[in-house]
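The values are calculated or read from the model by the stated rules, or taken from the named source; none is laboratory data. This structure is a prediction, so every number in the text was calculated from the model and none was measured. All Cβ positions, glycine included, derive from the backbone under ideal geometry; neighbour counts span all protein chains shown.
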Amino acid sequence: MPFKSCVDSDDYDFDKLSDKIDVQPDFVAPVGYGEYSLWYLLNQHEPTEEDQTIVLGEDGLIHIKYMEKDIFNYAASEVLNFPAQDASSVQFNMSDYPIFAIPFPTDVDLTDIDETFDIKADDVGIKLKELKLDTKVTFTVSNPVDKTITLNVTLKDEIEDVIFINKDFSILPNALNQTIEWDLTDLVFTFSNPSTDNTIGLKFGVKILKGGDANIVSNGNNLDIGYEFGGLDFKLATGDFGDQTIDIGSGDIDMGVDFWDDIDGEFTFADPKINLILNNGVGVPFELMANMTGSNSEGVSQDLNLTVPLTLENYPTTELEVEEGIIGTMTVDRDNSDIVALMALPPSGKISYSGSVTINPKSYDPLAAGNNINIISGASFISADLEMDIPMNFKADNLSISDTINDIDIDDAEKMIKAAIIITSENGLPLDVKIESLLFTDADYTMLSTLSNESVIKAAGVTSTGEVDPATIEKVVNTIELTEEQIKSLNDTENIIIKAMLSTYDEGKQSVKLRGADKLKFSISVNAQLDLSK
C-alpha cells in the first residue's frame, strides 16, 4: 500500500522548463526538479489553522496534532444533587387554648412546635459542612382565628442549637391556605458535626395579637402550617461528597490524518502523547480511568492499556477558584500506557473511547485534618478537550511512497540511439530513499514502460539526538540506462510515477527528528544520443 502524496506534484514546486524538449545530437534535457521540505510534503493545506492535523511545533519538529473538543463534561449535579423534597406540615390544636368571645387583653403565645428536616443528597454518602442556598421555602397557612396572627419560623443547627435565621410572618384573620414564600438565597447552613443526615431544626411559634373585636375560632378548626423547600438549589457547598464513580460516556474519534491510509511499512513514534485539558470548577480530587482502542484501515486494533488512573493534582480549593475554574492537564504517554503501539498501527480507522471518573479516590477523607475539603458551586462544571500530539520523532523501515511528475513532453524519441535517466539528489532528510521504479504512462495513465534500478538516495547523517547533521548532506548522481523499448515509449510519455521506499537513518535502527525545514532536493534529466539521419 503506497504512501501517496496528498496533493498534486505542482504543490511540490516542480518547475517544467518548457512545453517541449528539443532534442540535439548529444543532449541532457531536464525533465523536472523538486524541492521537498517535509513541512510542505506533509502539510494538508487546510485553509484554517484549527483544521490542520500537520503542524510545526515550537520545538521546530513536525507534529501530528488532533483536538477533540468537549470529549466529556459534567456539571455540579453529577457530583452533588438533591432530590425533590417532600412536603411537610405541623398543626396547632386550638382546643388546647382558652379562646373567649371577648377581646384578648394581651398577646397570646401558643406553645412552640419543633421539627427536624434532613437535607439528604441523591448520594447517601455525602456529608455537608456548609451549604449556601439558592432556594425558597413555601408556607401554606390556614388561620382559624378571626384575628391577625404572627408566625415565627426559626432555622437552626439541630445538634448545636445554633440559629441560622428566624423571621416573622403576618397571617390574615380566617386565612384559608394563605401562601408565603421565604427567599433563603445566600443563607448559609453550617453543620458543626457533618453527617449524612445533615439535619436542620425548624421551630414554629405563633402569637395571637391582643385587642380588637371578640376572638372566635372558626368552626373549632386548628391552625395548620404546611411547608416545602423548593428544589433545594445551592450556590456553594462544602463537605465530603463521598466516593463516587461517574461515567463519562463513550464515543469515536477520527483523527483525519489522510496520509496514514497510504502508509505501508514499519514505524514507531518515540514520544506520542494524549493530553486531556480540563477546565475544572469542581473542587474534588479525582481519578480518570480511560479506555481507548484504535484500529487501522485493515481492521487491526490496539488497546491503549492505561496502566494507572490519571490524576489531576491541581483542583479548586476556594470559592473563587470554583467560580472561575482552573485549567489543568492529564497526560497519557509511553510511561503509563501502550500509546506507542497504538499510534504505530496507525489508527487510520477510528479510536473508540470510554471511561469513568472517581472522586475522592482511595478513601480520601476531605474532612480529615490537613486535607482539602470538597467544594462546589451550583454552576460548577468540568469540561475536557482531548489533544493528541505526535512529534515526528520516529524510526521506520521500508515505508512505501509514490509520487507523480506530470506534463512530460518529449518529441523525437525515435531518433535516440541511447538514453538514460539521471537523478541528481541532495538529501537533507534523515531518510534513506530507495527508488524502486519509474513508471512511464500516457495522458490517461496507461502504462507504457517500467524502469527498475533501485537507486538509493542516502539519508543525511544525524546527531546523537536524532537531528540532521548539515555537514553530512552531499550531492549524489544516479544514472539509469533505458532499454530500446523504454526509449520508444518516451514519445507518448506524459507522466512519470516514482515509486520508492523510505527508511530512517541507519536502516531504521535509530529514531530521527523530522523538522519542517529539512529538505530533499532532486532533479530528473534525460541524457540522450541521437541519430539525426532518422
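Observations, loosely collected:
- When we screen Asn177, Asn166 for residues that are free of Cβ contacts under 8 Å to residues at least 40 places away in the same chain and within 13 Å of Gly205 (Cβ to Cβ), the only hit is Asn166.
- Residues that are modelled with pLDDT of 85 or more and in a helix (DSSP H, G or I), drawn from the range 491-511: Asp492
- The condition of being under 30 Å from Gly355 (Cβ atoms) and over 23 Å from the mean Cα position of the chain (by Cα) holds for only one of Ile390, Ile382, Ile375, Ile408, that being Ile375.
- Search result, residues across the range 362-386 that are in a strand (DSSP E or B) and buried (at least 18 other Cβ atoms within 10 Å of the Cβ): Asn374, Ile375, Ile376, Ser377, Phe381, Ile382, Ala384, Leu386
- Some residue of the range 433-451 being touching a residue at least 60 places away in the same chain (Cβ under 8 Å), buried (at least 17 other Cβ atoms within 10 Å of the Cβ), within 21 Å of Ile54 (Cβ to Cβ) and over 33 Å from the mean Cα position of the chain (by Cα): yes
- Enumeration of residues in the range 310-327 that are over 19 Å from Ile277 (Cβ atoms) and either crowded, with 17+ Cβ neighbours inside 10 Å or among the hydroxyl-bearing types (Ser, Thr, Tyr) (or both): Thr317, Thr318
- Criterion violated by Gly256 - all others in (1) surrounded by fewer than 19 Cβ atoms within 10 Å (Cβ to Cβ); (2) at pLDDT below 90; (3) in contact with a helix residue (DSSP H, G or I) (Cβ under 7 Å, 6 or more places away or on another chain) satisfied: (3)
- Scanning the range 151-176 for residues being over 30 Å from Asp365 (Cβ atoms), in contact with an Asp or Glu (Cβ under 9 Å, 6 or more places away or on another chain) and at pLDDT below 95 gives a total of 2.
- The residue of the range 328-351 that is farthest from Phe234 (Cα to Cα), among those that are polar (S, T, N, Q) and crowded, with 17+ Cβ neighbours inside 10 Å, is Ser348.
- Among (1) at pLDDT below 95; (2) part of a loop (DSSP other than H, G, I, E, B), the one test that Ser337 misses: (1)
- Criterion violated by Ile473 - all others in (1) at pLDDT 90 or above; (2) over 30 Å from Asp518 (Cβ atoms); (3) in contact with an Asp or Glu (Cβ under 9 Å, 6 or more places away or on another chain) satisfied: (2)
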